[in-house]
Amino acid sequence: MTEVLQAMPAVMGRTHGVSDPTRCPLGPLVQECRERLATLLDVDDMHHNALTAGATAALNQAIWGIGLTLPPGAHIITSVAEHNAVLRPLRHLQRHRQVRVTYLGFDATGALDAGAFSRLVADDPPALVVFTHASNVTGRVYAIGPLFERAKAVGAITVLDASQAIGHRPVHPRALQADLVAFPAHKGLLGPAGVGVLYMAPGIDMEPLLVGGTGEDSDAVFHPMAMPARLEAGTPNSPGIAGFTAALRWQEQDSEAYRHRERELAASLRAGLRAIPGVRLYDDLPDGEYVPVVSFTFDGLSVEEAGHQLAARGIVCRTGLHCAPLMHNALGTAPEGTIRFSVSGCMTHEEIKQALGVVTDLAIRPAIRSQEVER
Ligand SMILES: Cc1ncc(COP(=O)(O)O)c(C=O)c1O
């Protein structure tokens, strides 16, 4: 990132005299970024990975890009597990087009309800289906492949929000039958903020939301439709892409031990929280697959207060709805939400023990915990 910031602010292919990568390191990095993304996603055409300003930008492009082509009355299915980066574009789309949106809920095991989905698809075939691969509230990974397969059988376009899953588990659009896949660089892939990806499968047609300069076909009055230029108007986020490329290189070559530690630490945090009386874990199946986030509440202590108490004891966490408001109706945690811990492979077993110790402390000493912090 530093190298790119220190180099001449030029874009290879658009500026003369910068064909030498030492003068313009971005060109080869963009190429490498797309190649590594193609490997990560197990797709053939690296040009189908558009670099965006993040997952929100990618999801807006996917939802509006497809949504604006749908006829009035078209049916869209999404789920109660979605982030506002999915829910809000769909709500705004509804305001502008007369589409109908159905929110799929969970079955008794906490999985997206496959039986209800099959019935919905048969009764009222959707034109568009948008699902998250993993919940950003509970960490639960949903088996999206069979749902998308069912949706594609009736001709729906499928959009996967892989924001929470990418990096932590394989995300392969072809195996999952996902036409569009969105994710950011800065979560499980440990890249910088402000960059993301929208993978668009060959054969999917979508208008770009952002149009403008691409450095090619400047005499064309309309934006070029070839990928990736179709979804990449304007000057790219050069340092962000450079950082993302480095993160993808690390993910491909050196991340195995990190991922192993991350899984171990997350499992140990989950098991530890489960064992603390007065702590309620949300979506905790012994054989469920989770990405390394966990949501819980304390009996008799508000989520907000718990956040303050944890912070005062050196534990960083997030509290509230986590931008996924419908999830909390399903979990029974509305309107307050939950306390969420996130684990990374950079953490140590000692830190997990420390966090569990603080949670235990807060869970078993409700009467004195507020006074302690005041002092
Ligand atoms: C499931 C999910 N989708 C989408 C997003 C939006 O990602 P970004 O903030 O990178 O645009 C997030 C971020 O928290 C998320 O957790």
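No value in this document is a laboratory result; all are computed from the given coordinates. This one's a predicted model, so the numbers in the text were calculated from it and none came from an experiment. No Cβ is skipped: glycine too gets one built from the backbone with ideal geometry, and neighbour counts run over all protein chains shown.
Can you give me the C-alpha center-to-center distance between segment 323-356 and segment 73-134, rounded to a whole angstrom?
24
Place a +1 charge on the Cβ of each Lys and Arg in the chain and a -1 charge on the Cβ of each Asp and Glu, then give the dipole magnitude about the Cα centre in debye, rounded to the nearest 20. Before the final figure, lay out each step's value.
Working: 31 positive and 39 negative charges, 133 e Å.
Value, rounded to 20: 640 debye.
Where does the longest stretch of the chain lie that holds no GluC sites (Glu not before Pro) found in a DSSP loop with 16 or fewer other Cβ atoms within 10 Å? Please report the intermediate quantities before stating the final value.
Details: sites that count: E216, E289, E336.
Looking at the chain, 1-215 is the longest stretch - no exposed GluC sites (Glu not before Pro) with at most 16 other Cβ atoms within 10 Å.
Which of G288, G320, A242 sits farthest toward the positive end of the charge dipole of segment 241-350, with +1 on the Cβ of Lys and Arg and -1 on the Cβ of Asp and Glu?
Projecting each Cα onto the dipole axis, the largest value belongs to A242.
So how compact is the chain: Cα radius of gyration and Dmax in angstrom?
When restricted to the Cα atoms of the chain, Rg and Dmax are 22.2, 72 Å.
Which Cα, out of M46, V159, V303, lies furthest along the positive dipole direction of the chain (beta carbon charges, K/R +1, D/E -1)?
V303
GNM, the chain, Cα, under 10 Å: largest mean-square fluctuation among L180, L198, L356?
Result: L356 has the largest fluctuation of those listed.
Could you please rank D179, D124, placing first whichever residue has the fewest other Cβ atoms within 10 Å of its Cβ?
Working: D179 25, D124 12.
Fewest-to-most Cβ neighbours within 10 Å comes out as D124, D179.
Where the Cα atoms of segment 285-325 are projected onto their three principal axes, how long is each span, largest first, in whole Å?
If we take the Cα atoms of segment 285-325, the spans are 33, 24, 20 Å.
Enumerate the amide H contacts of A143 below 5 Å, restricted to partners 5 or more residues apart or on another chain; note that Pro and chain-start residues carry no placed amide H.
Close amide H contacts, sequence-distant or interchain: L112.
List every DSSP H helix in the chain whose Cα atoms extend 18 Å or more along the helix's own long axis and whose mean Kyte-Doolittle hydropathy is at least -0.5. All intermediate terms of the calculation are to be shown ahead of the outcome.
Details: long enough: 26-41 (22 Å, 0.33); 238-253 (23 Å, -0.21); 256-274 (27 Å, -1.06); 349-364 (22 Å, 0.40).
Span-like helices in the chain: 26-41, 238-253, 349-364.
Along the charge dipole of segment 2-253, Cβ charges K/R +1 and D/E -1, which of G115, A182, A10 sits furthest on the positive end?
G115
Multiply the residue separation of V211 and R88 by 0.36 nm, subtract the distance between their alpha-carbon atoms, and state the gained length in nm to one decimal. If you can, show how the numbers build up before the last one.
On the way: separation 123, 0.36 × 123 = 44.28 nm, distance 2.20 nm.
So the extension gain works out to 42.1 nm.
Which loop chymotrypsin sites (Phe, Trp or Tyr not before Pro) in segment 219-311, with loop taken from DSSP, have no more than 12 other Cβ atoms within 10 angstrom of their Cβ? Could you put the intermediate results ahead of the total?
On the way: sites: F222, F244, W250, Y258, Y282, Y290, F296, F298; in loops: F222, Y282.
Here the chymotrypsin sites (Phe, Trp or Tyr not before Pro) that fit, given the DSSP loop and packing criteria, are F222.
With a 10 Å cut-off between alpha carbons and a GNM built on the chain, which of T22, T56, T297 moves the most?
T22
Starting from the alpha-carbon convex hull of segment 256-374, give the projected area averaged over all orientations, in nm². Could you put the intermediate results ahead of the total?
Numbers: hull surface 30.1 nm².
Its average projected convex-hull area is 7.5 nm².
Of the DSSP beta bridges with both residues in the chain, give the percent that are antiparallel, rounding to the nearest 5.
Details: 23 of 39 bridges.
Here the share of antiparallel DSSP bridges comes out near 60 percent.
What does the net charge come to around S79 if you take all other residues with beta carbon closer than 13 Å to its beta carbon, with K and R at +1 and D and E at -1?
Values: positive: R140; negative: E82, D107, D113, D161.
Around S79, the surrounding residues sum to -3.
Work out how much length H172 to S344 would gain on full extension: take 0.36 nm times their residue separation and subtract the Cα-Cα distance, in nm to one decimal.
Working: separation 172, 0.36 × 172 = 61.92 nm, distance 2.26 nm.
So the extension gain works out to 59.7 nm.
Put a dot 7 Å past each Cα toward the Cβ at A116 and A257; how far apart are the dots in nm?
Those two pseudo-labels are separated by 4.5 nm.
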